[in-house]
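These notes concern the structure reproduced below.
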Amino acid sequence: MTIKSLKLLTWLDVGRTIYDRTSYGANLPEGVVSISSFSSALEINVNSQESIVNAKNALKQWFGDCYREDESIINLNLENAELPVEFSIEEQNHPKSPTYIRPFWKEIGYIDTNLVTETEETKRRKLLRLPEPYNENPNLLAFYSFKGDVERTLNLAAYLFALLDKAKQLDNSIKVLVIDADLLAPGLTYWNRNEKKPSSISYIDFLELVHYSPIDDEETLLFIAQELEKSSQQEGKSTIYFLPAYTDEKQLLDIQILPEHIVSYPNGVWELGNYIHKLGKAVGADYVLIDLGSGLNKISSPILLDARFQRFLVTTINEPSVAGTTLCLSQMKKVAPLKTSVNDNKYYDPSVIISMLTPELIASPAYEDVLARLNSAYTQSEQENNSIMLEIAKNFFSPQLLYIDNWEEAHLKLASTSIMEIATSWANKQVEFNKIILENLDPVVVEKLQIRATHTGRSLLEEVKVIVEEAIQYENTPAPQ
């Protein structure tokens, strides 16, 4: 390997090369405790003198003749530019701390998916330290788009309206918490500015409180829930809580704590999702709907990479939007938990919503190509995951949606659109299934189901779904000859 075949412009490129060859530091050479790239030097910490040899051999393999062992430097691409390599030996032989990948694009991106043995796959999943599933409400939904202006926020609003409309139709009551987590361009917060009871607490406040609260977590979440209660809205028998991105525009200009801070610690890589779930429980929500915003960033990735959320990726068929969405899906595939009969309904594969379509676009070869690319980016093998194909919905372009300024206007203009049709279809499956269980089943049957659900660790709804799926499978099994 020659210096011309490696892009080494700065010390950052040296670090990237090492991350790539070691799966973000998870597969370091024998005896190497840590490798850190700084602007001043590449620092390699080893546990013995003999381990320095292993480290030098690895550098030769990774950097070829760019690594000058005799001078202990790595030559960079710029003329006469070099990065010193420094070795240090730990005085005491401490056991190596385990490496855990956090839900950041940078770290997920270096995970090697070309693993062929069961041992390698097991090691990868230990490295990822996937989240524990939730066994009770609320249900968590997140809406994301790689590019802006693709109707992401409108899709979230449609799912909210569909849940409320279905609950009203069934004379049922539900509670929904809506969170504007788009800290770069918060749309829902601007919609909500003219409401009669504006929120006194924001998502920025939430992040700061769960990270630096002067009281314990339970009291903190109870305080936030009480503040949300003050600005709650009624829709029929149902209740809506709204957590805006900010309450004062100065907050938006001076954000101190971001989602990345919540998940930075080894034991808290999925804590943001946990706190959101706990907040939903604190207000008694059945559903939490989150607008994650757009772009590749650490604001959205801790949720977008969390398979406990039903995640909807919204895109058009324009190339920048499709390319970015497929990139996200390819990384989300790396953290897709193995599904079992016990957790099958506790983890979710992402769904894609293609927006702003016309009949002419759907009939074009470009549309078929987009479908193939999206499916290819995420589709799991049967051995790896029970989910074989990506669920993709299509929304047609509606001119009336080009200008919407508030919740009321959104509800009115979405009513006759395909966006609302898809959201209503989803809501029918959610609310109606709960209604059947709670009100239409024989109480004795419900009691037996509850015992079975408790034994298997599933919710009552999940247990009924499993039984229905088993019955369908049995019905479709050919009789023995």
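The values are calculated or read from the model by the stated rules, or taken from the named source; none is laboratory data. Bear in mind that the values here come from a model prediction, so they are computed numbers and not experimental data. Cβ: placed from backbone, ideal geometry, glycine included. Neighbour counts: every protein chain shown. Surface areas here come from the heavy atoms of the whole protein model, side chains and all, with no ligands, DNA or RNA. Shrake-Rupley method; radii C 1.70, N 1.55, O 1.52, S 1.80 Å.
Averaged over its residues, the chain has an accessible area of 50 Å² per residue, based on protein heavy atoms and a 1.4 Å probe. Using the Cβ-Cβ distance between Asn80 and Arg129 with R0 set to 56 Å, the FRET efficiency works out to roughly 0.80. Karplus-based coupling profile of the range 230-235, in residue order and whole Hz: 5, 10, 5, 10, 9, 10, with θ = phi - 60° in 6.51 cos²θ - 1.76 cosθ + 1.60 and x standing for Gly or Pro. Projected label points at Ser40 and Glu470, each 7 Å from Cα along the beta carbon direction, are separated by 6.4 nanometres. Model label points for Phe87 and Phe223, set 7 angstrom from Cα along the Cα-to-Cβ axis, are 5.3 nm apart.
Just the number, please: percent antiparallel of the DSSP beta bridges in the chain, rounded to the nearest 5. If I count the DSSP bridges inside the chain, around 25 percent turn out antiparallel. If you find the alpha carbon centre of the range 52-78 and of the range 260-316, how far apart are they in angstrom? Cα centres, the range 52-78 to the range 260-316: 41 Å.
With no solvent and one equal point scatterer per Cα, compute the Debye intensity ratio I(q)/I(0) for the range 310-379 at 0.28 Å⁻¹ and report its log10, rounded to two decimals. The Cα Debye sum returns log10 ratios of -1.30.
Summing Cβ point charges (Lys, Arg +1; Asp, Glu -1) relative to the Cα centre of the chain gives a dipole of roughly 480 debye.
Note: relative contact order over the chain, using C-alpha pairs below 8 Å and six or more positions apart, is 16 percent.
Calculate the FRET efficiency for Lys230 and Gln169 from the Cβ-Cβ distance with a Förster distance of 30 Å, rounded to the nearest 0.05. Present the calculation step by step, with values, prior to reporting the outcome.
Working: r = 29 Å, r/R0 = 0.96.
After rounding to 0.05, the efficiency reads 0.55.
Find how much the distance from His455 to Asp216 grows on full extension, using 0.36 nm per residue of separation minus their present alpha carbon separation; answer in nm with one decimal. Difference between extended and current length: 82.8 nm. Label-to-label distance, Glu30 versus Lys448, with points set 7 angstrom from Cα along the beta-carbon direction: 6.0 nm. Here the chain has 51 percent of its accessible surface on carbon and sulfur atoms, given a 1.4 Å probe and all protein chains in place. When shorter helices are ignored and each DSSP H run of at least 4 residues is given -39500 (n - 2.57), the per-residue value for the chain at 222 nm works out to -12500 deg cm²/dmol. What whole-number distance in Å separates the alpha-carbon centres of the range 183-211 and the range 220-243? One Cα centre to the other: 13 Å. With the alpha-carbon atoms of the chain aligned to their principal axes, the span from lowest to highest coordinate is 79, 72, 56 Å, starting with the largest.
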